[in-house]
Amino acid sequence: MTCDVLPRLFLMARRRAASLKAADVRLSLTSARGAEVRSTDSAVGLHRLMDKVLEELHTDPHRWLPTTAENELVELLDNINAPDFPPAQSFYSLLAQRRFAWNNATRPAVLNVTLFDEVSLRCGETCVLCEPVSRSSLMRLILVPVDMRVALHGLLRAVLGVLESAGVKCWAIGGTLLGAMRHGSIIPWDDDVDLGILAADEAKLRAAFGFPRMDDMETDLLLEYVPMFGYKVYSRSLPPPSRDGSVTCMTYGYFIDIFILEELQGRFLFARNEAKRTWPNEWWYCDELFPLTHVPFLPTPSSSRQMLRLPVACSPLPHLQRLYGATCMEEAVVPRELHGRLLSHSLHIPMTLLDDV
């Protein structure tokens with residue numbers, strides 16, 4: 001993968017840059033970026049940034065944090081109106097693969113959950129865990145280690161502090177919201193945190209983290225532009241854990257995902273089109289979301305001393321049932337794929353079997 005990615009990055013960026021050749025093309029930049037930019041100026045900037053990014057990847061092959069040039073390049077590519085060319089998210093994904101290639105030298109093997117005695121088949125296809133999680137040899141391979149969940153929880157605490165200081169209203173979404181309401185903690189096999197913010201607060205978010213300037217800052221937290229949904233936050237002090245043969249390895253390290261949402265016709269939904277297409281059921285009615293409330297949130301069920309108050313929707317259950325199904329509070333599901341971990345089947349776990357893990 002390491003040998004293939006750089007040429008593919010180069011060609012993909014050049015193809016999208018070709019769309020800037022028409023004299024009347026302009027870039028439609030987000031309100032957070034400010035004024036419209038002429039295509040001729042952007043074409044020059046894109047080629048300069050592409051050369052800079054390639055140079056950085058060659059110079060420091062073990063770097064895992066985003067750089068200023070990467071942030072600027074990915075956002076510029078995202079704002080090129082080129083529907084016939086590969087989307088900027090594809091470029092971003094390749095860039096992330098290249099940055100983390102040193103930490104993931106081999107593709108993870110698929111873990112066949114049907115080979116474990118504690119798993120049974122329901123209706124011939126659905127795999128169900130049949131004994132407590134703490135006694136399951138399969139779950140020992142799937143659970144994110146406690147120290148990693150504690151580190152991720154600490155990163156969340158730091159990010160919430162920055163957002164609160166900047167006046168950015170945020171709330172838990174996706175698996176983080178499900179974990180908060182069902183477990184009171186990070187889901188034991190989840191390896192990231194998902195937050196939502198309003199599009200009106202995007203400029204304040206960027207200013208709070210000094211975006212896009214990353215290289216010359218002394219702060220611990222770094223903001224990365226993600227075309228698909230918004231941003232990621234990394235910590236300089238939390239490098240990716242090394243691969244150790246476990247399927248729980250965090251392929252892309254510790255991070256917080258921040259999704260941008262907007263209000264449209266009485267609902268709050270993702271502002272980025274690709275996010276809307278990918279998660280069509282992830283939306284809220286206004287009276288489900290606001291006013292926000294706070295719930296206790298732990299890194300693990302037994303870590304009561306590290307509790308924080310997590311902002312959540314005022315009526316989260318209807319949203320969670322739309323997203324995860326009517327039985328999501330009674331039965332947990334480990335997905336087949338999550339950030340590099342691959343299972344042969346999704347695994348259903350009755351909540352009665354979820355002891356303190």
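Remarks
- Among 150-163, 321-334, 178-191, sorting by the average number of other beta carbon atoms lying within 10 angstrom of each residue, highest first, gives 178-191, 150-163, 321-334.
- Residues Leu317, Leu111 in ascending order of nearby Cβ atoms (within 10 Å, fewest first): Leu317, Leu111.
- Counting beta carbons within 10 Å around each of Thr67, Thr59 and listing the fewest first gives the order Thr59, Thr67.
- Annotation for the range 277-291 versus the range 307-357: alpha-carbon center distance of 17 Å.
- Arranged from fewest to most other beta-carbon atoms within 10 Å of their beta carbon, Val146, Val133 become Val146, Val133.
- Dipole magnitude of the range 113-353, debye to nearest 20 (Cβ charges: Lys/Arg +1, Asp/Glu -1, about Cα centre): 140 debye
- Taking each of Lys169/Lys232; Lys232/Lys276; Lys52/Lys204 in turn, the alpha-carbon distance tops 20 angstrom for Lys52/Lys204.
- Extension reserve of the Ala109-Glu262 stretch, reckoned as 0.36 nm per residue once the Cα distance is removed: 51.2 nm
- Charge dipole magnitude, Cβ of K and R +1, D and E -1 - the range 75-224, Cα centre, debye nearest 20: 300 debye
Read-outs throughout are calculated quantities, based only on the coordinates presented, and are distinct from any laboratory measurement. Keep in mind the model is a prediction, meaning the values are calculated, not measured. Ideal geometry is used to build each Cβ from the backbone, glycine not excepted, and the neighbour counts take in all protein chains shown.
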